[in-house]
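The values are calculated or read from the model by the stated rules, or taken from the named source; none is laboratory data. Just so it is clear, the model here is predicted, and its values are computed rather than measured. No Cβ is skipped: glycine too gets one built from the backbone with ideal geometry, and neighbour counts run over all protein chains shown. Just the protein is used for accessible areas: all its heavy atoms, side chains included, with ligands, DNA and RNA removed. Shrake-Rupley method; radii C 1.70, N 1.55, O 1.52, S 1.80 Å.
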Protein chains: 2
Amino acid sequence: MLTERQLFILQILIDDYIRTAEAVGSRTISKRKEVTFSSATIRNELADLEDMGYIEKTHSSSGRVPSEKGYRFYVDNLLSPPVLSNNDVKDIHSLFAEKMVEVEKVIQQSAKILSELTQYTSIILGPEVFETKLRQVQIIPLSKETAVVILVADSGHVENQTITIPPSVSMSDIEKVVNIMNERLKDIPLVSLKSTMMQEMATVLKKHIENYNQVNTMLDNLFLYTNAEKVYYGGKTNILAQPEFKDVEKVRLLLNTFEQDDLMYNILRPEKKGIEVRIGQENDLEAMQECSIITADYFIEGKRMGSLALLGPTRMEYHRSMSLLGFLANDLTSTLTERYRSFKHW
Amino acid sequence: MLTERQLFILQILIDDYIRTAEAVGSRTISKRKEVTFSSATIRNELADLEDMGYIEKTHSSSGRVPSEKGYRFYVDNLLSPPVLSNNDVKDIHSLFAEKMVEVEKVIQQSAKILSELTQYTSIILGPEVFETKLRQVQIIPLSKETAVVILVADSGHVENQTITIPPSVSMSDIEKVVNIMNERLKDIPLVSLKSTMMQEMATVLKKHIENYNQVNTMLDNLFLYTNAEKVYYGGKTNILAQPEFKDVEKVRLLLNTFEQDDLMYNILRPEKKGIEVRIGQENDLEAMQECSIITADYFIEGKRMGSLALLGPTRMEYHRSMSLLGFLANDLTSTLTERYRSFKHW
DNA sequence: TGTTAGCACTCTGTTTCCTTGAGTGCTAAA
DNA sequence: TTTAGCACTCAAGGAAACAGAGTGCTAACA
């Protein structure tokens, strides 16, 4: 168990290291005016903290640096409740002040402002299609063999896909199919569109359509990708300014990871509720071993829709970042919920 | 004017430097078996070539490195006609072999293969909407105040935008507007949609619609962004592997430039026909002073639709890159033209 | 018994000096 | 005109020296 004084010293050390990115020595700490005891005393305490694994040396005669265990302890026990500066609050509110109609825009703007306020990289997982439902399907012919299928969701989201029409399928067949779809699939969640279509429509289609088999193979490629959430970034290159990324090889690794949506996708699914912090090796990805990720969820009517994240060095400003993220998540939740209500009760 | 031998030496020097990224000395050149004269002779020639500005020293006793003027000369005069290896041809053809329906996919795949074959970064400017024409407009209501506007172009491209509907505008008004649009705007190029709508439809609308003014302001925000071409990338991080980008600050600058579509957009509009090479400072952008860009256009039925580009260090493999780019541009042109024909004559 | 001053020791980073090697330019001979 | 030879230059790399920040330990102190 840590003594009062050890807590105090650990806190000062981590705060200092976060600010300066330089190993902190006993003298640096003792020079602070809140500190009344001598550097020798601090040295003893530091040795104990090191034994317990909260801090480490970079070499035998260096100052101390927080270990991952140290950061973990700091985040879990040493942070005061979230507070935001008035400026930050103002910046965020000004974002939601202008009524943006498109969800996509709102999210893009959120990513932008997060990265600007923190100088880290922000990542946002787009709203889960999970709960958005189909409003309407349309098929618009382009040529003899091709047509565009357009899905409109109740959230205003539009998906489209070009398909090839087998020669044996006639225009009137397609019209019939679309009509049946709009009857049967309306208000079905996008994510289960494919399975519902296959189950529920099969019998109806068979009855009304001649070339059932051809139509079926045509529909087979449809609605496949609709459940992929989109990943948005803000300040992708911000994190390169951190001294942790002096080495171009690390930069390459990280940026390559950014390009792989599926990896990012996994990282952004938080395991707990609320604001979650993953520090250093707690992230599985090799490219992010020296990074921390803070995630928070946003909701629509109580249902989780996606998440916001900030990616910084393990030495990141946890307190401010967490406050900011929590605040923005709340604002996003209420903005989106409001929008959604106006759609739903219509 | 350069002598036969000077040409010969310059060619060897640049080829060598492109391969090794190391300054080339007189002995290195003389050791080549095609070279019959001594290193002393070469030293004299190198001095002359330096006086003429084709090569430079990195310091007073170093080997020589091509200058930008040297590269320019090399590209303009020393390259043999484009030839591709069988492997490259095969790789590219296999790309176009599988019938991809969506233009977007074709282009993304092209970007990918270009970057994989060259290990540089490829950039593709999406097909100009310039010539694509409106096939159909649809408005689908989402709530009392909002609706999605969907444009389908004859190329299969779909644009959508959420709009707010003023309370005074009724549903039947909107239906009327859409009908008029589909009558009057069909086959209008997307790029001139806005202006055509404002001119041609004004009178008709006034006649049929009560709240002409409200409808008008509603339409005012519409169709604004449709003429922005999209920029696609392949191997964004490839170029970071080049020794020219050891410095993270340069990396940051370059990647930031990538994020700014308008800048990239300008770079990719070639001034000449055919394959264009811009070397080092010939690029205006600060971030690309040590890079070269090779661009080529692709066409649909003879009309320029967009361009392909490869971004590498000034020390890039010009010959292979240019061959590859030209070849892919041709293939893309014919593939797209074919697709377009099948739409048009329908 | 906890705290502190003092001191020897350790390690990093920087500077300085030296050496090596690749390369040049010039001169004089072939 | 070409080439061999030679003096000279510069960058890169390594060894040595030094300064500075920091530690751990001991002994004295309150």
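Probe radius 1.4 Å, ligands and nucleic acids left out: can you give me the accessible area buried at the A-B interface, summed over both chains, in Å² to the nearest hundred? Could you put the intermediate results ahead of the total?
Working: alone 18010 and 18010 Å², together 32620 Å².
Adding both sides of the contact gives about 3400 Å².
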> Expressed as a whole number of Å, what is the distance separating the alpha-carbon centroids of the range A:86-102 and the range B:156-185?
Replying inline: 29 Å
> If you place +1 on the Cβ of every Lys and Arg and -1 on the Cβ of every Asp and Glu, how big does the dipole about the Cα centre of the protein assembly as shown come out, in debye to the nearest 20?
Replying inline: 300 debye
> If the label for B:P82 sits 7 angstrom from Cα along the Cα-to-Cβ line, what are its distances to the same label in every other copy, in nm to one decimal, shortest first?
Replying inline: 5.5
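Please report the relative contact order for chain A, taking Cα pairs under 8 Å with a sequence separation of at least 6, and give it as a percent rounded to a whole number.
Reported relative contact order: 18 percent.
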> Cα extents of the protein assembly as shown along the three principal axes, largest first, in whole Å?
Replying inline: 84, 80, 50
> Put the label 7 Å from Cα along Cα→Cβ for B:V178; what are its distances to the other copies, in nanometres, shortest first?
Replying inline: 1.1
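With the cut-off at 31 Å, tell me which of the pairs A:K303/B:K133; A:K206/B:K176; B:K176/B:K303; B:K57/B:K246 have Cα atoms farther apart than that. Spell out each step's value before the answer.
Values: A:K303/B:K133 41 Å; A:K206/B:K176 37 Å; B:K176/B:K303 35 Å; B:K57/B:K246 21 Å.
Beyond 31 Å: A:K303/B:K133; A:K206/B:K176; B:K176/B:K303.
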> Taking a probe of 1.4 Å, how large is the accessible area per residue of the range A:4-78, in Å²?
Replying inline: 53 Å²
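Would you mind giving the mean number of other chain beta-carbons within 10 Å of the Cβ of each residue in B:256-267, as a whole number? Mind dumping the intermediate values first?
Working: counts 5, 1, 2, 4, 0, 0, 0, 0, 0, 0, 0, 0.
Mean shielding by partner chains, rounded to a whole number: 1.
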>> With +1 assigned to the C-beta of every Lys and Arg and -1 to the C-beta of every Asp and Glu, and no other charges, what is the dipole magnitude of chain B about the Cα centre in debye, to the nearest 20?
In response: 500 debye
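In peptide B:236-242, what is the residue-averaged number of other protein chain Cβ atoms found within 10 Å of each Cβ?
Values: counts 4, 9, 2, 1, 6, 3, 1.
Across the residues of B:236-242, the mean count of other-chain Cβ atoms within 10 Å is 4.
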> To the nearest Å, what is the center-to-center distance of the range A:1-53 and the range A:283-340, using C-alpha atoms only?
Replying inline: 30 Å
> Exactly which GluC sites (Glu not before Pro) in the range B:160-260 are in a DSSP loop and have at most 15 other Cβ atoms within 10 Å?
Replying inline: B:E210
> In degrees between 0 and 90, to the nearest 10, how far off the longest principal axis of chain B does helix B:171-185 point, with axes built from Cα atoms?
Replying inline: 50 degrees
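Around B:E4, what is the net charge, scoring Lys/Arg as +1 and Asp/Glu as -1 over all other residues with Cβ under 14 Å from its Cβ? It would help to have the intermediate numbers written out before the result.
Values: positive: B:R5; negative: B:E34, B:E45, B:D48.
Net charge in that neighbourhood comes out at -2.
Write down the accessible area per residue of the range A:132-220 in Å², having rolled a 1.4 Å probe over the full set of protein chains.
Numbers: 3940 Å² over 89 residues.
Per-residue accessible area for the range A:132-220 comes out at 44 Å².
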>> If each label sits 7 angstrom from Cα along the C-beta direction, how far apart, in nm, is A:N216 from its counterparts in the other copies?
In response: 5.6
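When only Cα pairs under 8 Å and 6 or more residues apart are kept, what is the percent relative contact order across the range B:132-220?
Working: 119 pairs, mean separation 25.4, N = 89.
Computed value for the range B:132-220: 29 percent relative contact order.
So what is the relative contact order for the range A:4-78, in percent, with contacts set as C-alpha pairs under 8 Å and at least six apart? Intermediate results must be reported in sequence, preceding the final value.
Details: 78 pairs, mean separation 23.5, N = 75.
For the range A:4-78, the relative contact order is 31 percent.
What is chain A by shape, rounded, prolate or oblate, if you read a ≥ b ≥ c off the alpha carbon gyration tensor as root eigenvalues and call it rounded for a/c under 1.5, prolate for a/b larger than b/c, and oblate otherwise?
On the way: a/c = 3.34, a/b = 2.62, b/c = 1.27.
The shape class here is prolate.
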> Tell me, what ³J(HN,Hα) does each residue in the range A:134-147 have, in order and in whole Hz, if you take phi through Karplus 6.51 cos²θ - 1.76 cosθ + 1.60 with θ = phi - 60° and put x for Gly and Pro?
Replying inline: 6, 9, 7, 10, 9, 10, 10, x, 10, 8, 4, 10, 10, 7
> For the Cα atoms of chain B, what angle does the longest principal axis make with the long axis of helix B:4-20, in degrees from 0 to 90, nearest 10?
Replying inline: 60 degrees
>> Using 0.36 nm times the number of residues separating B:E200 and B:S62, minus their current alpha carbon distance, what extension gain do you get?
In response: 42.7 nm
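What FRET efficiency do you get for A:Q281 and A:S80 if R0 is 30 Å and r is their Cβ-Cβ distance, rounded to the nearest 0.05?
On the way: r = 26 Å, r/R0 = 0.88.
That gives a FRET efficiency of 0.70.
Ignoring ligands, DNA and RNA, what percent of the 1.4 Å accessible area of the range B:51-192 is carbon and sulfur? Mind showing how you got there, number by number?
Details: 3160 of 6460 Å².
That fraction is 49 percent.
Using only atoms on other chains, find how many Cβ atoms lie within 10 Å of each Cβ of peptide A:95-101 and report the average.
Details: counts 0, 0, 0, 0, 1, 1, 10.
Mean shielding by partner chains, rounded to a whole number: 2.
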> Considering the Cα trace of the range B:4-78, what is its radius of gyration and what is Dmax, both in angstroms?
Replying inline: 11.0, 29
> Quick one: putting +1 on the C-beta of Lys and Arg, -1 on the C-beta of Asp and Glu, what dipole do you get for the range A:132-220 around its Cα centre, in Debye to the nearest 20?
Replying inline: 120 debye
>> For the pairs B:K99/B:K230; A:K230/B:K236; B:K230/B:K272; B:K186/B:K272, flag any whose C-alpha to C-alpha distance is greater than 26 Å.
In response: B:K186/B:K272
